[in-house]
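**Q** Could you have a look at this structure, given as structure tokens, before my questions?
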Amino acid sequence: MRTTITIDRELLDELVETTGEKSKSAALNKAAEDYVRREKLRDLKDFWLEIRAEDVRDEAREADRRRERFLDSLRGADGNS
């Protein structure tokens with residue numbers, strides 16, 4: 001697709017050099033693809049961290065329940081409440 005944009009010439013030259021692409025269009029496409037990929041990875045990482053946080057909360061709740069059952073068994077064994 002052909003479009004017209006305004007971009008800083010020095011930035012574009014640096015982008016072409018950094019990407020190693022031969023044309024400005026190829027360099028811009030490569031940069032855009034890389035940006036989109038990084039954003040998707042960031043979203044995936046954030047999602048994974050949410051899942052892990054929930055796993056940790058579930059494990060903590062289960063540990064609390066096990067601890068309470070253990071303490072209840074000790075209270076029952078010596079007759080103290």
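**Q** Working carefully through the options 73, 25, find the one that is part of a helix (DSSP H, G or I), open to solvent by less than 70 Å² (accessible area, probe 1.4 Å) and among the hydroxyl-bearing types (Ser, Thr, Tyr).
**A** None of the others qualify; the one that does is 73.
**Q** Any residue that is open to solvent by less than 100 Å² (accessible area, probe 1.4 Å), at pLDDT 90 or above and of a type in the set (Ser, Thr, Tyr) - is there at least one of those in the range 35-52?
**A** No: the range 35-52 contains no residue that is open to solvent by less than 100 Å² (accessible area, probe 1.4 Å), at pLDDT 90 or above and of a type in the set (Ser, Thr, Tyr).
The values are calculated or read from the model by the stated rules, or taken from the named source; none is laboratory data. Bear in mind the structure is a predicted one, so any value in this text is a computation, not a measurement. All accessible areas refer to the heavy atoms of the entire protein, side chains included, with ligands and DNA or RNA removed. Shrake-Rupley method; radii C 1.70, N 1.55, O 1.52, S 1.80 Å.
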